[in-house]
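Everything on this sheet refers to the single structure shown next.
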Amino acid sequence: MRRPITTLPPLLLFLVFLCRGQRSNSDSDRPSCHRCDLTFSCNCSHAQFIVVPMVTDDALTLDLSFNNIVMVTDDDLKGHARLRVLSLHANRLSEIHSSAFASLWSLEELDLSDNEIKIINHKWFRKLGALQRLNLLHNPYRSLGPHPLFKSLVQLRRLSFGSDALEEIGRAHVSGIDQLEELRVHGDNLRRYEPGALADIWPLGHVYLSLHGPFLNNQSLASAMLGDVSYPETWVILENLHLATSQSLQPFREAAKKRIRYLSLHNVSISDQRVVEFLVVTDGVPLTFLKFDGVTLKGEGRWEKAYQTDHKALDEVYLRNVIVLDVYKFVSFLQLGFLLQYPRKVSVINAGVFVMPCATSYLLVNLQYLDLSDNLLTDLTLQETLCNGRGTLKDLRVLNISGNALKSLSTVSQLVTKLSKLTHLDISRNGYSWMPQSCPWPPTLRYLNISQAKLNTVTPCLPVTLQVLDLSNNNLNSFLLVLPALTELYLSGNKFLMLPLGWMFPNLQILNIQSNTLTMFSLSDLASYSRLKDLQAGQNKFDCNCDFVNFFQSDIQRRKVMHLSDGEDTYLCDSPLYLQGRAVGRVWLSIVDCHRVLFVSVSCGLALIVGVMVCILLWRLHAFWYLKMMWAWLKAKRGSQRRRRIRHETEPLLSFDAFISYSERDASWVENFLVPELEEPRNTNEGDMDSTPLQSLSLCLHKRDFLPGQWIVDNIISAIERSRRTVFILSENFLQSDWCRYELDFSHFQLFDGHTDRDAVILILLEPLSRDDIPKRFCKLRKLMGSTTYLEWPQDDDRRAEFWNNLRKALRTVEDET
Ligand SMILES: *[C@@H]1O[C@H](CO)[C@@H](O)[C@H](O)[C@H]1NC(C)=O
Ligand SMILES: *[C@@H]1O[C@H](CO)[C@@H](O)[C@H](O)[C@H]1NC(C)=O
Ligand SMILES: *[C@@H]1O[C@H](CO)[C@@H](O)[C@H](O)[C@H]1NC(C)=O
Ligand SMILES: *[C@@H]1O[C@H](CO)[C@@H](O)[C@H](O)[C@H]1NC(C)=O
Ligand SMILES: *[C@@H]1O[C@H](CO)[C@@H](O)[C@H](O)[C@H]1NC(C)=O
């Protein structure tokens with residue numbers, strides 16, 4: 001693993017030195033593990049490491065289990081002075097440097113189990129003065145020796161050692177341990193035990209001994225060992241026993257002599273004969289607690305031969321995972337009155353019990369607690385077991401028949417109704433699918449567990465005396481029943497869409513409604529519960545709308561109106577889709593999401609205002625006028641082209657000398673002055689004989705010559721087209737008249753269209769107008785005034801003759817040229 005320094009090129013060595021600081025160069029070979037959480041707990045298990053990886057020096061817990069680490073060097077754990085827990089469980093460790101753990105002054109727990117350690121070095125533990133728990137199980141060492149291992153472990157409270165390979169335990173090896181909470185010794189193949197080796201450990205809380213071989217083959221060894229650890233206060237747990245012969249029960253004599261009170265046997269096989277012998281061996285012993293977990297019984301329950309034995313002290317019998325090989329030959333316990341009359345607590349769990357005969361029930365005169373969970377009871381056999389509801393087990397306080405094959409709630413309620421002290425009834429994990437309208441219950445019942453059934457509805461069958469009710473994992477979707485005494489209600493795993501109404505449970509303190517289909521709950525829902533302290537409502541299908549998110553984040557998270565003991569992180573959004581799976585407490589909803597109506601109305605209002613403002617602006621800028629103009633132009637252009645084509649054949653193009661464009665308000669001037677002057681000229685003029693007689697001109701006036709029924713713009717355009725000249729009578733009135741502007745613009749459009757020459761337009765100013773008086777939008781008129789000469793109507797009578805002359809001249813120019 002470690003590369004010798006000499007093989008590293010000098011530069012690389014330098015770089016390694018730079019990068020690693022004071023750490024040894026061997027670190028360059030070591031992988032790192034970064035799987036540490038905020039509490040500095042580093043879980044580096046199942047990561048295929050073959051050497052101890054580098055982790056932060058701040059680590060408090062380091063889990064290196066299930067890797068392939070083969071050795072721990074003296075450098076590997078340097079600097080971990082803060083480490084409290086180190087697990088090297090299930091690696092391939094065979095070599096640990098003698099000072100590998102030397103810097104772990106704070107280490108409280110060390111797990112070296114399931115490795116390949118052949119020799120345990122006492123030097124490993126020299127500096128571990130803080131160590132409280134040490135696990136050395138399942139390593140192939142044959143002895144703990146030769147040196148005392150645990151002398152320096154003054155704080156040690158839990159010690160586990162041994163394996164199938166362990167052959168000897170000597171006094172010296174384990175010396176120095178004084179008191180332990182727990183001792184585990186795996187010595188299935190133990191050959192030598194120095195009597196008294198474990199005798200100095202006192203007080204001793206729990207001792208677990210796996211002594212399969214010694215119980216079978218060397219009972220004197222097993223006796224010595226069992227005797228050394230047996231005390232009245234110590235819980236003695238013996239594992240993996242095959243009690244085949246009478247001798248194999250010998251060791252119990254030693255324990256009996258020490259008057260042990262708590263005995264458990266785990267994973268044992270035993271026969272009727274050995275049971276009787278066991279009862280005889282423990283005759284008169286103040287054994288109060290007897291537990292068998294994982295028993296294979298060869299026999300028929302014929303234990304009555306031990307009827308003379310005394311087990312007065314027996315208070316609790318606990319049998320679990322019992323296999324009775326000849327189950328159908330099994331007799332009732334009728335003869336076992338000597339044994340059954342004492343215990344107050346009996347548990348027979350997962351033992352294939354399909355009935356307990358009523359006669360047996362009669363024998364259990366002291367019984368207060370009966371647990372028959374995970375058996376094969378049916379409604380029918382339960383009737384036999386509870387003697388048809390005659391109240392036989394009159395002191396019974398707790399009855400647990402969870403995990404059987406019961407179906408009728410009314411049957412069980414009738415059977416227990418006479419048990420006048422019954423407070424706890426656990427009938428969970430049965431097949432109850434229906435709840436009758438009323439059921440008789442003992443008035444003392446406080447606790448009822450009907451979880452994991454198939455109930456669809458809740459009825460007044462439930463007793464009002466209940467304080468704790470568990471209805472989790474059913475098919476309920478509503479709960480309408482007043483339970484005034486209820487303090488705890490468990491409804492997880494149902495189909496509730498909303499919280500039940502709080503006023504029905506005025507004393508409720510704990511409500512669990514996890515894993516339902518709740519979409520939300522609100523402050524008023526919570527307010528209806530007057531005493532609720534703890535709500536668990538995670539893993540529901542929350543609709544993360546604004547009301548709910550807002551309520552959750554401000555009232556629950558910030559103001560803490562309710563304690564959510566299942567953790568705020570289990571409250572996840574189910575909808576809307578884009579928030580699915582996110583924690584309700586950490587989503588952020590925008591204003592748009594939250595105030596949609598407000599947002600829509602505000603934006604519509606804004607759009608309206610903007611629209612109005614744009615309209616005002618356009619109106620101010622005369623945009624409509626421009627648009628109208630543009631439209632008129634386009635129409636006119638198409639119309640005039642069409643007309644021109646038609647007219648080529650039919651009528652002569654020009655029929656007027658001039659089209660007069662004027663405002664209606666200037667009509668009097670046009671009718672009184674212009675028309676008489678140009679259409680009917682007075683030739684008797686100041687005796688100017690040599691002048692040619694004044695010709696009469698034909699004028700086009702909209703009042704007179706426009707075709708009625710035609711669009712005004714068309715009329716104007718056709719008038720302009722059919723006239724040689726267009727005369728504009730300019731005045732303030734003209735500038736204010738819309739259709740005068742069409743005329744102006746159209747004639748101008750024609751001008752630049754190249755159909756007529758520039759002189760086609762004649763401007764007459766009725767009032768003195770300067771270019772600047774003309775509004776800016778009449779840019780064409782302004783341009784015309786700049787380029788075209790215009791005639792001003794003189795206010796002075798004397799100068800009018802000259803004006804008419806000039807006008808005539810202007811009108812006649814083209815005619816002269818032709
Ligand atoms: C570490 O992670 C493994 C799974 O990789 C898990 O089984 C184990 O319980 C975890 N250990 C701790 C202490 O959390
Ligand atoms: C049984 O154990 C004792 C005590 O360790 C030992 O002296 C004896 O040799 C063992 N007997 C057998 C048959 O192994
Ligand atoms: C139970 O004990 C037997 C020996 O009697 C042993 O072979 C077996 O592995 C044990 N079972 C367990 C689960 O420990
Ligand atoms: C009844 O037994 C089940 C399974 O053994 C257990 O989970 C439950 O807690 C027991 N109920 C009571 C009231 O002790
Ligand atoms: C009700 O019974 C179930 C199943 O036996 C168990 O898990 C649960 O803890 C019990 N409920 C209460 C409140 O004890």
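The values are calculated or read from the model by the stated rules, or taken from the named source; none is laboratory data. Keep in mind it's a predicted model, so treat the numbers as computed, not measured. Backbone-built Cβ (ideal geometry, glycine too); neighbour counts: all protein chains shown.
Before moving on, here are some points about what is shown:
- Residues that are part of a loop (DSSP other than H, G, I, E, B) and buried (at least 18 other Cβ atoms within 10 Å of the Cβ), drawn from the range 521-542: 521, 529, 532, 537, 538, 540
For every residue, the table says whether it meets (1) within 24 Å of residue 474 (Cα to Cα); (2) surrounded by 21 or more Cβ atoms within 10 Å (Cβ to Cβ); (3) away from ligand 1 (no atom under 16 Å from the Cβ).
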site: 390; (1), (2), (3): no, no, yes
site: 411; (1), (2), (3): yes, no, yes
site: 439; (1), (2), (3): yes, no, yes
site: 451; (1), (2), (3): yes, yes, yes
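- Verdict on residue 193 being over 52 Å from the mean Cα position of the chain (by Cα), away from ligand 1 (no atom under 16 Å from the Cβ) and of a type in the set (Ser, Thr, Tyr): yes
- One residue stands out in the range 200-226 among those that are in a loop (DSSP other than H, G, I, E, B) and of a type outside the set (S, T, N, Q): the one that is farthest from ligand 4 (Cβ to nearest atom), namely 200.
- Hits in the range 343-355 - residues which are touching a strand residue (DSSP E or B) at 6+ places or on another chain (Cβ under 9 Å) and of a type outside the set (Val, Ile, Thr): 343, 344, 345, 347, 350, 351, 352
- The set of residues from the range 264-296 being within 16 Å of ligand 3 (Cβ to nearest atom) and touching a helix residue (DSSP H, G or I) at 6+ places or on another chain (Cβ under 8 Å) comprises 270, 274.
- Among the candidates 142, 171, 192, residue that is of a type in the set (D, E, K, R), touching a Gly at 6+ places or on another chain (Cβ under 8 Å), at pLDDT 95 or above and at negative phi: 192
- Any hit, the range 322-335, residues being buried (at least 16 other Cβ atoms within 10 Å of the Cβ), under 22 Å from residue 363 (Cα atoms) and within 16 Å of ligand 4 (Cβ to nearest atom): yes
- Check on residue 485, small (Gly, Ala, Ser), more than 24 Å from residue 542 (Cα to Cα), away from ligand 4 (no atom under 16 Å from the Cβ) and in a loop (DSSP other than H, G, I, E, B): yes
- Within the range 26-66, the residues that satisfy the criterion of being at pLDDT below 95 and acidic (Asp, Glu) are 27, 29, 37, 57, 58.
- Number of the exception - residue 560 against (1) touching a residue at least 12 places away in the same chain (Cβ under 8 Å); (2) part of a loop (DSSP other than H, G, I, E, B): (1)
- Taking (1) within 15 Å of ligand 1 (Cβ to nearest atom); (2) within 30 Å of residue 191 (Cβ to Cβ) in turn, residue 45 satisfies each apart from (2).
- Residue match in the range 227-243 (condition: loosely packed, with under 15 Cβ neighbours inside 10 Å, polar (S, T, N, Q) and either assigned to a loop (DSSP other than H, G, I, E, B) or more than 16 Å from ligand 1 (Cβ to nearest atom) (or both)): no
- Scope the range 272-285; condition of a type outside the set (A, V, I, L, M, F, W, C) and crowded, with 16+ Cβ neighbours inside 10 Å; matching residues: 272, 273, 274, 277, 282
- Subset of the range 182-199 [outside any loop (DSSP other than H, G, I, E, B) and within 16 Å of ligand 3 (Cβ to nearest atom)]: 184, 185, 186
- Test: residue in the range 696-715 that is among the β-branched types (Val, Ile, Thr), modelled with pLDDT of 75 or more and within 24 Å of residue 665 (Cα to Cα): no
- When the residues of the range 58-74 are filtered to those that are in contact with a Leu (Cβ under 9 Å, 6 or more places away or on another chain) and assigned to a loop (DSSP other than H, G, I, E, B), the one that is farthest from ligand 5 (Cβ to nearest atom) is 70.
- Note on the range 95-181: enclosed strands (runs of 3 or more DSSP E) holding 1 or more residues that are out of contact with any strand residue (DSSP E or B) (no Cβ under 6 Å at 6 or more places or on another chain) are 158-162.
- Complete set of residues in the range 494-520 that are assigned to a loop (DSSP other than H, G, I, E, B), buried (at least 17 other Cβ atoms within 10 Å of the Cβ) and in contact (Cβ under 8 Å) with a residue 24 or more places away in the chain: 499, 505, 508, 513, 514, 515, 516, 518, 520
- For the range 589-610, the criterion of being within 30 Å of residue 775 (Cβ to Cβ), over 28 Å from the mean Cα position of the chain (by Cα) and either at pLDDT below 90 or surrounded by fewer than 13 Cβ atoms within 10 Å (Cβ to Cβ) (or both) is met by at least one residue.
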